[in-house]
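Novice: One structure is given below, represented as structure tokens, and several questions about it will come after.
Please treat every number below as a calculation from the coordinates, not as lab data. On a predicted model such as this, the values are computed, not experimentally measured, just so you know. Here Cβ is always computed from backbone atoms with ideal geometry, including for glycine, and neighbour counts include all displayed protein chains.
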Amino acid sequence: MRCIFCNQKMNKVTTSTTTKWGEYEVTIKGLPAYECPECGEKIFSSSTVDIVQSLAAGLADSMQKDRPDTLNVTETAEMLRVSNQTIYNMLRDGRLKAKKVGREWRFDPAEVRKLLPDPPDQITAAARSNKI
């Protein structure tokens, strides 16, 4: 197998990869791969990629179980990256729905996530020339 970047013959190696999932960083060791001795590029087989994706999906499922059933005002504000006062304003004008338990407001995390913007499919960038 040849490297797609520098066209050198790749060597079969056992390596590790590190990936991030949310606030977690996971290192998986003992993965078979091909590595370029010139530029260091690594290529994994489709079966190895399937294993890594399955591990990531398992981690995502376990993180789902750790999520709280309800959020308080501060947690909701942190999730939306706004102030607590903005949350109270959103409650007052109807942008947010919540239930009051005693003296505390409780929010459904799924409903709060609906307010977050979807990540863009593409990133558009504009360039500006210095020429006049």
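Novice: Quick one: which of Lys20/Lys100; Lys29/Lys114; Lys20/Lys42 span more than 28 angstrom between C-alpha atoms? Provide the component values of the computation, followed by the final result.
Specialist: Details: Lys20/Lys100 36 Å; Lys29/Lys114 37 Å; Lys20/Lys42 18 Å.
Those over the limit are Lys20/Lys100; Lys29/Lys114.
Novice: Here's something else I'd like to know. Given a Förster distance of 30 angstrom, what is the FRET efficiency for Lys29 paired with Met79, based on the Cβ-Cβ distance and rounded to 0.05? Spell out each step's value before the answer.
Specialist: Details: r = 34 Å, r/R0 = 1.13.
Computed FRET efficiency for Lys29 and Met79: 0.30.
Novice: Quick query: amide H of Glu41 versus all other amide H atoms, modeled in the peptide plane; which residues come in under 5 Å with a sequence gap of 5 or more or a different chain?
Specialist: Residues meeting the amide H criterion: Cys36.
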